[in-house]
Each structure stands twice: as structure tokens, then as C-alpha cells.
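To keep things clear, I will list the structure first and then write my remarks on it.
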Amino acid sequence: FKMCPGRVLCKLPCSGEKEVDLAVQSAKAAFKIWSQMSGMERCRVMLEAARIIREQREEIATMETINNGKSIFEARVDIDISWQCLEYYAGLAGSLAGEHIQLPGGNFGYTRREPLGVCVGIGAWNYPFQIACWKAGPALACGNAMVFKPSPFTPVSVVRLAEIFTEAGVPKGLFNVVQGGATTGQFLCHHPDVAKVSFTGSVPTGMKIMEMAAKGIKPVTLELGGKSPLIIFSDCSLDNAVNGALMANFLTQGEVCCNGTRVFVERKILDTFTKEVVKRTQKIKIGDPLLEDTRMGALINKPHLDRVQGFIKQAKEQGAQVLCGGDLYVPDDPKLKNGYYMRPCVLGNCKDDMTCVKEEIFGPVMSILPFDTEEEVLERANATKYGLAGGVFTRDIQKAHRVVAALKAGMCFINNYNASPVELPFGGYKSSGFGRENGRAAIEYYSQLKTVCVEMGDVESVF
């Protein structure tokens with residue numbers, strides 16, 4: 001692989017209705033085999049897939065960097081999280097069980113946790129390989145098959161994941177990949193043999209997915225956008241809070257749904273915090289994402305870069321002050337001159353009613369807003385249609401727990417931000433979606449309960 005900014009990496013044909021049906025039927029056949037295997041048998045196959053990913057970490061991370069544009073440093077973390085996810089759900093596969101309930105007269109009941117069938121995963125372009133593992137892990141552990149559609153902007157690395165599952169020993173067709181955009185997604189959502197849809201992406205697309213799935217009474221998991229608050233109290237460790245703010249805004253070029261892009265800073269440390277954040281932001285190394293010292297690569301494509309630039313222009317028009325960055329960046333390396341690079345941006349003088357504060361930018365743009373009291377900042381933090389994440393930095397542990405309890409968000413951080421341990425459930429409130437990825441909670445969304453009531457004597461008829 002070589003970096004080719006602004007040039008075509010590869011071409012893939014979109015999957016039409018016929019290809020989608022073939023993928024679903026193939027997965028349906030594999031499901032019959034996989035669902036009858038014991039949890040321990042599924043565990044061994046998933047552990048082998050995790051082992052292959054771990055062994056090929058560097059190759060897959062390089063592929064992901066070229067696929068997406070993020071730094072190789074970050075891509076390696078994504079791949080590590082991916083194999084850890086498969087290991088985690090492999091461990092759970094053998095422990096899935098129902099329960100026995102004793103009833104009067106020696107009668108009893110029991111529950112069985114059963115798979116759903118063929119599940120559809122629709123991924124986003126910011127974490128292509130990792131999102132596919134987040135969806136495939138619990139789906140396969142529960143005994144399901146999956147047909148996965150990556151974003152058309154990042155079609156490559158998920159194909160490698162499908163190959164790895166096959167190498168690990170899953171039944172042929174258990175994890176199928178189809179390529180394409182909205183039309184392909186529609187074929188998947190409408191297919192009568194699809195049992196469930198799990199989608200990661202934007203709110204408008206999530207609404208359409210939910211509407212389509214409703215016509216077939218299909219359960220959905222939606223992991224959608226965010227405009228998450230990060231609250232910095234004056235009693236925080238300043239260096240740690242600055243680190244947290246950078247992690248909350250500039251990972252993967254700011255293209256992260258749970259980013260804490262509304263940074264509320266207690267007024268008494270506003271100037272000190274802002275000065276340090278600007279200084280640190282200006283030092284972020286931008287450029288060739290395959291170089292070891294690069295910390296920010298290129299945005300996903302030109303239309304998205306233009307969209308982010310439009311938000312910054314509008315912010316200035318509405319009175320925000322660009323404290324650093326926000327302009328296009330042209331690396332010294334001539335082969336990178338057509339890349340979609342920009343300098344990470346910090347906006348000051350922000351107000352709650354500005355577009356840059358209300359709407360998800362999905363780029364490396366941080367908005368800093370001052371606050372005076374805990375009650376005030378909580379009201380402002382929750383004044384959004386989104387509810388994916390939120391964070392607080394303070395040395396006062398009582399205050400920390402009090403604040404996260406009041407935040408209307410599904411994933412909260414105390415004195416850190418954007419940590420993604422697979423053991424913890426991930427998902428949002430309000431327009432940020434519902435259902436959960438990761439943790440034991442995801443098992444609930446990839447399985448269904450069957451109740452069995454057993455009579456040990458004769459039925460007493462009322463007739």
C-alpha cells in the first residue's frame with residue numbers, strides 16, 4: 001500500500017438487490033450451522049479470529065490508515081480494540097444461558113437465550129474495522145450471522161475482516177460484506193430474511209433506517225451523532241483537563257461521534273485553560289498518516305473538508321473568534337499536496353446559540369464556552385437534541401458523580417475522555433440513538449428470550 005491523497009485507491013461495484021439477496025441467503029445457510037454450535041465451539045473460532053487480527057495488527061492498521069486517513073498511531077489502537085472486542089465476546093459466548101424458575105406443585109419454567117438470525121450491520125467511515133468488530137462480536141457470540149455494509153468511503157478493511165473470519169473457521173457466508181451506498185442499505189433493511197439492523201452514522205440516515213426496519217418489525221440499534229459537553233471545573237488538574245480536551249476533540253481528525261466539542265470552562269480558569277489548549281493544539285503534527293510521529297492525518301474527502309470549513313466560516317460570521325487553526329494545511333511532501341488536510345481549530349468567544357455550538361461539525365473544531373456555576377452549566381450542557389456522551393474534569397469526586405448523574409447522555413467520562421474499553425456499554429440518549437454496543441448489554445440486542453412453562457402433572461381444565 002502507498003498513500004495516494006486525492007487519488008482513487010480502488011474501485012468496488014455496488015451490491016444491487018440480487019447481490020444483497022445472495023449475501024443474505026448465504027448468511028442464512030451459515031446461520032443454521034453456527035446457531036447449533038455450542039457457545040464454547042463459537043468461542044474457539046472467535047478467539048482464532050482475534051489471534052489472526054492481533055498477529056496481523058501492523059498490516060491491518062496500515063490498510064485502515066489508507067482506507068480512512070487517520071494516523072497509523074491511532075489505527076493500531078483501533079485494531080487492538082478490535083481483537084480485544086472479539087476476545088471479550090468469545091469469552092461470553094460459552095456463558096450465555098437462561099434461567100430456571102421453580103413454580104408451585106413441582107412445576108417449573110425456564111428461559112432460553114436464542115439468536116435472532118441474519119443481522120445487518122451498517123458501518124461508518126471513521127472507524128471502519130473497529131465498528132465492524134463491535135457489531136460482529138456480540139452478533140456471532142449469540143449465534144447470529146451478519147451481513148455488513150461498510151461506508152462507500154471506506155470499503156476496504158472490512159473485506160479483510162470477512163477473510164479473517166473465514167480463515168478462523170466460521171461457516172462459509174456467516175459474515176458477508178456487501179458494498180454500496182443508500183440504495184444497498186435499503187435493500188438490506190427491506191429484506192424479509194433480515195432479523196435485525198444495527199446502524200452507526202448520522203441522525204437523518206438513522207431515522208430512515210428506523211422507518212424502513214419498522215415496516216418489517218425488525219429491531220434496530222442506532223448509534224448516531226452527538227454534540228457532547230465537556231465540563232472543566234476550576235478545581236481540576238489543568239494539565240489533565242487540557243489532555244482530555246485534546247482527546248475529546250482531535251482524535252481521527254475530529255471525526256468522532258462522541259467527541260466533547262462543547263468545552264465548558266469555569267470562568268476563573270478560562271484564560272489559563274484556553275492559552276494552554278491553543279499552545280498544545282498548535283503543536284499537533286499534521287501530515288502523512290503513515291509516519292510514526294504524525295498525530296493528525298487527512299479528513300475523509302473533499303466534500304467533508306469543505307463542510308467543516310463552512311462551519312468555521314459561519315462561526316466567524318456569528319462572532320466566534322478563531323484562536324488557532326481552521327485553515328487548510330498543505331504538507332511539505334509534494335505527494336501529499338492534494339490531501340484533505342486542515343489545521344485543528346479552537347474557537348473562542350462562543351455562545352450557546354451559535355451554529356458551531358449547536359450542530360455536529362464532525363471535524364477538528366473545538367468550541368470553548370465559559371460558565372460560572374454547576375447548576376448553570378448542567379442546564380446548558382443538556383440543552384441539546386443529542387445525548388451520546390459527556391465528560392467532567394474536577395478533583396471533587398462528589399461533584400464529579402453528581403454532574404455525570406445529571407448529564408442526559410449515555411456515555412460519561414470522569415477525568416478522562418474517549419476511552420473505549422469493550423467491557424463497557426456504549427450508546428446514546430435522545431436523538432443520539434438507542435441500544436448499546438459493547439459490554440454484556442450488547443448481548444440483549446443480539447438475542448431473544450424464549451420462555452418455557454413445564455407442567456409435571458395433569459392439566460386442570462376449567463372446561
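The values are calculated or read from the model by the stated rules, or taken from the named source; none is laboratory data. Remember, it's a predicted structure, so these values are computed and weren't measured experimentally. We place every Cβ from the backbone using ideal geometry, glycine too, and count neighbours over all the protein chains shown. Accessible surface areas use protein heavy atoms only, side chains included; no ligands, DNA or RNA. Shrake-Rupley method; radii C 1.70, N 1.55, O 1.52, S 1.80 Å.
Residue pairs whose Cβ atoms lie under 8 Å apart, sitting 6 or more positions apart in sequence or on different chains, and linking a residue in the range 291-304 that is more than 12 Å from Gly254 (Cβ to Cβ) to a partner that is among the acidic types (Asp, Glu), are Thr294/Asp288.
Number of residues in the range 129-155 that are among the aromatic types (Phe, Trp, Tyr), touching a strand residue (DSSP E or B) at 6+ places or on another chain (Cβ under 9 Å) and part of a helix (DSSP H, G or I) equals 1.
Screening Cys453, Cys356 for residues that are closer than 27 Å to Pro303 by Cα and either in the same structural domain as Ser82 (by the TED database) or not charged (D, E, K, R) (or both) leaves exactly one candidate, Cys356. State which residue is most open to solvent (accessible area, probe 1.4 Å) when the search covers only the range 156-170 and only residues that are hydrophobic (A, V, I, L, M, F, W, C) and part of a helix (DSSP H, G or I). Residue satisfying both the conditions and the ranking: Val159. Of all residues in the range 432-463, those satisfying the criterion of being under 19 Å from Leu103 (Cα atoms) and touching a residue at least 12 places away in the same chain (Cβ under 8 Å) are Leu449, Lys450, Thr451, Val452, Cys453, Val454, Glu455, Met456, Gly457.
Taking the range 193-287 and the helices (runs of 4 or more DSSP H) fully enclosed by it, the elements with 3 or more residues that are assigned by the TED database to the domain that holds Gly69 are at 203-215. Just one of (1) touching a strand residue (DSSP E or B) at 6+ places or on another chain (Cβ under 6 Å); (2) crowded, with 24+ Cβ neighbours inside 10 Å fails for Gly363. It is (1).
Scanning the range 222-241 for residues that are closer than 21 Å to Val77 by Cα and of a type outside the set (D, E, K, R) returns a single hit, Asn240. Applying the criterion of at least 3 residues that are under 24 Å from Ala124 (Cβ atoms) and open to solvent by 50 Å² or more (accessible area, probe 1.4 Å) to the helices (runs of 4 or more DSSP H) found wholly in the range 6-75 leaves 57-68.
You will find that of Leu103, Leu86, the residue that is over 30 Å from Gly287 (Cα atoms) and touching a helix residue (DSSP H, G or I) at 6+ places or on another chain (Cβ under 9 Å) is Leu86 and no other. Here is a check on your reading of the model: is Val346 under 30 Å from His401 (Cα atoms) and part of a strand (DSSP E or B)? Criteria met by Val346. Asp332 falls short of the stated requirement of being more than 23 Å from Asp352 (Cα to Cα) and assigned to a helix (DSSP H, G or I). Checked against the criteria, Gly326 counts as touching a strand residue (DSSP E or B) at 6+ places or on another chain (Cβ under 7 Å), crowded, with 16+ Cβ neighbours inside 10 Å and at pLDDT 95 or above. If we scan the range 121-128, do we find a residue that is assigned to a helix (DSSP H, G or I) and either open to solvent by 10 Å² or more (accessible area, probe 1.4 Å) or closer than 18 Å to Tyr89 by Cβ (or both)? No, there is no match, as no residue in the range 121-128 is assigned to a helix (DSSP H, G or I) and either open to solvent by 10 Å² or more (accessible area, probe 1.4 Å) or closer than 18 Å to Tyr89 by Cβ (or both). In this structure, Ala315 does not qualify as of a type in the set (A, V, I, L, M), closer than 27 Å to Arg76 by Cα, modelled with pLDDT of 95 or more and part of a helix (DSSP H, G or I). Taken as a whole, the condition of being touching a residue at least 12 places away in the same chain (Cβ under 8 Å) and open to solvent by 10 Å² or more (accessible area, probe 1.4 Å) does not apply to Glu375.
Restricting Ala320, Ala381 to those that are buried (at least 19 other Cβ atoms within 10 Å of the Cβ) and more than 28 Å from the chain's Cα centre (by Cα) reduces the list to Ala320. Only one entry in Thr252, Thr294, Thr261 is within 14 Å of Gly363 (Cα to Cα) and open to solvent by less than 10 Å² (accessible area, probe 1.4 Å), namely Thr252. The requirement of being more than 24 Å from Asp353 (Cβ to Cβ), in contact (Cβ under 8 Å) with a residue 60 or more places away in the chain and of a type in the set (Gly, Ala, Ser) is fulfilled somewhere in the range 227-242, by at least one residue. When Pro192 is tested against (1) open to solvent by 40 Å² or more (accessible area, probe 1.4 Å); (2) touching a helix residue (DSSP H, G or I) at 6+ places or on another chain (Cβ under 8 Å), only condition (2) is not met.
Annotation: Ile131 fulfils all but one of (1) closer than 15 Å to Ala49 by Cβ; (2) surrounded by 22 or more Cβ atoms within 10 Å (Cβ to Cβ); (3) β-branched (Val, Ile, Thr); the unmet one is (1).
All conditions but one from (1) of a type outside the set (Asp, Glu); (2) crowded, with 24+ Cβ neighbours inside 10 Å; (3) without any contact (Cβ under 8 Å) to a residue 24 or more places away in the chain apply to Met210; the one that does not is (2). Starting from residues that are of a type in the set (A, V, I, L, M) and open to solvent by 50 Å² or more (accessible area, probe 1.4 Å), keep the ones in the range 408-463 and report whichever is nearest to Phe108 (Cα to Cα). Looking at the filtered set, the residue picked out is Met456.
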